[in-house]
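**Student:** Quick one: this structure, given as structure tokens, is what I'll be asking you about.
Readers should treat all values here as calculations from the given coordinates under stated rules, not as data from a laboratory. Keep in mind it's a predicted model, so treat the numbers as computed, not measured. With ideal geometry, Cβ positions are generated from the backbone for all residues, glycine too; neighbour counts draw on all protein chains shown.
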């Protein structure tokens, strides 16, 4: 399994910067728990700090159907029925990384890319609110689920499609 993840990672290294390629959803080390360490994510934010409870918060967020057309199908996994796009949200408190993995098993069609970008922008909006929105203005940065909000802005530009104007 680890060799497969390395092979996929090597293939992704030669792809153009905004190309969407197959992503390995997790890496298992010596039969231990599945992690996303070293995984080439479709979209990822590198925060200065994250709390493990952010994972629970994002599970509830995903269950609420925050993005039209996307529905949660398990532990932080979602599917978009019209395009067939599937994705998994990951939270790595050890590395302070939060993101989205495209789980398509192959090359990405335009419809899937559009839907994944819509989901990624919605996730980024939610993360920015959690990190520094008006609801958490009185909360000390060290006590927030993720911090700082500027980390989201820095990574949003790396998505293959820009955010739709509201």
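**Student:** Which peptide among 133-146, 74-87 comes first, and what is the full order, when sorted by highest mean count of other Cβ atoms within 10 Å?
**Tutor:** Highest to lowest by the protection proxy: 74-87, 133-146.
**Student:** Just from the alpha-carbon atoms, what are the Rg and Dmax of region 41-156 in angstroms?
**Tutor:** 13.9, 45
**Student:** So, by mean Cβ neighbours within 10 angstrom, what's the order for 52-63, 90-101 with the highest one leading?
**Tutor:** Ranking the peptides 52-63, 90-101 by packing returns 90-101, 52-63.
**Student:** Please arrange 71, 156 by how many other C-beta atoms lie within 10 Å of their C-beta, fewest to most.
**Tutor:** The most exposed by this proxy come first: 71, 156.
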